[in-house]
Amino acid sequence: MSWTRLGLIFVPDGSKPWARSHAALPVPVLIEPDIFRFFFSTRDDAKRSHVGWVDVDLSGAPRVLREASEPVLTPGENGTFDDSGVGIGCLTSADDGLRLYYMGWNLGVRAPWRNAIGFAHARTALDRFERFSPGPILDRSPEDPYTLSYPCVVRLGPQDWWMWYGSNLSPMASSTDMSHVIKVAQSRDGIRWERDGATVVGFANPNEYAIARPSVVRMGEIFLMAFACRGERYRIGAAWSADGVNWTRIDAAMGLQPSNEEWDDQMTCYPALFWHRDQLWLAYNGNGYGATGIGLAVWEGGRPM
């Protein structure tokens, strides 16, 4: 049992001012039978990230059908928590439509950056997204004193929302100082969150110093998570849990290492798990944190665990 790579499916051509490079942090959403809208974060000339999309037909060999001419979410106004860019985390269904949870960037002075979590909403995946608030819904706190990153939000019931997100365990002067792990928060409405600051997915070996961009799906009675883990090389790791809090790393069984292909031979990162036609799929980025585009893989051989 393993991932079968389907290869690179999309790379931005750099012609759009808001998408000069990168198709980072892919998030697929089904919009028609066999057709998924892949949302992702781009970079403009100032390296600020916007959210765009491409529609991909998965009825056979993956095929791009359409591409956004304008972003569905742009950086916030100067002085807001996301004025330096918006890094998409996930899309979650709500009673009033669809919520796009994301990480907002601020460039720092003594530290490279500061991040917090917000969301925008739309009626459907075909509409432009509007911010819920100019401020974040999850920010630095006694539980998370340094910085937060890409959220994955799953709604298990009408008043049962879960968020897995990244958080630094120490101040950051450089990337290798970040000690970035996965934590969990819970909510009754997907807006106001409770958290205790405990690490739920930590490091598997002494070389790791960052775990980020969790993607969680249900598989029967258990949760399955994929994430980017950073050590000697960026790669995709995996874990499973019966309760969403206690996780077991299964990188050797379900992770995805860099390949021999030119676009992802240095790293695999920013995974998104999704189900299609009773199969588990994986959208992900390769070299340059999404600079080389979006790739796909599909799980072959039956139940992953």
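The table below gives the values:
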{"read-out": "Approximate spin-label separation residue 245-residue 123, in nm, with each point projected 7 Å along Cα-to-Cβ", "value": "4.1 nm"}
{"read-out": "Taking the convex hull of Cα positions in segment 208-288, its mean projected area over all directions (nm²)", "value": "5.7 nm²"}
{"read-out": "Debye log10 I(q)/I(0) for segment 137-249, one point scatterer per Cα, at q = 0.20 Å⁻¹", "value": "-1.07"}
{"read-out": "Isotropic mean projected area of the C-alpha convex hull, segment 88-144 (nm²)", "value": "4.9 nm²"}
{"read-out": "Charge dipole (segment 178-305, unit charges on Cβ, about Cα centre) - positive-most of 254, 186, 228", "value": "186"}
{"read-out": "Cβ-Cβ FRET estimate between residue 93 and residue 253, R0 fixed at 51 Å, reported to 0.05", "value": "0.95"}
{"read-out": "Residue 155 paired with residue 78, simple spin-label distance in nm, labels 7 Å along Cα-to-beta-carbon", "value": "3.7 nm"}
{"read-out": "The chain - Rg and Dmax from Cα coordinates, angstrom", "value": "17.7, 50"}
{"read-out": "nm² value of the averaged projected area, convex hull over the Cα atoms of segment 1-84", "value": "6.9 nm²"}
{"read-out": "Nearest-20 debye value, the chain charge dipole, Cβ charges on Lys, Arg, Asp, Glu", "value": "260 debye"}
{"read-out": "All-pairs Cα distance distribution in segment 1-158, expressed in whole percent, bin size 5 Å", "value": "2, 9, 17, 21, 19, 15, 9, 6, 2, 0"}
{"read-out": "Distance (nanometres) between label positions extended 7 Å along Cα→Cβ at residue 111 and residue 260", "value": "4.2 nm"}
{"read-out": "Three principal axis lengths of segment 7-54 [C-alpha, angstrom, descending]", "value": "37, 19, 16"}
{"read-out": "Label zone at residue 34 (point 7 Å along Cα-to-Cβ), backbone N below 14 Å, segment 55-87", "value": "56-65"}
{"read-out": "Backbone N under 13 Å from the residue 133 label point (7 Å along Cα→Cβ), restricted to segment 76-90", "value": "81"}
{"read-out": "Positive-end extreme of charge dipole, segment 111-175 - chosen from 119, 145, 168 (charges on Cβ)", "value": "119"}
{"read-out": "Charge dipole (debye, nearest 20) of segment 75-210; +1 at Cβ of Lys and Arg, -1 at Cβ of Asp and Glu", "value": "60 debye"}
{"read-out": "Segment residue 192-residue 4, extension gain: residue separation times 0.36 nm, minus the distance between their alpha carbons", "value": "63.8 nm"}
{"read-out": "Residue-span extension gain [residue 143 to residue 221] - 0.36 nm each, minus C-alpha spacing", "value": "25.2 nm"}
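Computed from the coordinates by the stated procedures, all read-outs in this text should not be read as laboratory data. Please read these numbers as outputs of a predicted model, since none were measured by experiment. Quick reminder, even Gly has a Cβ in these numbers, built from the backbone with ideal geometry, and neighbours come from all protein chains shown.
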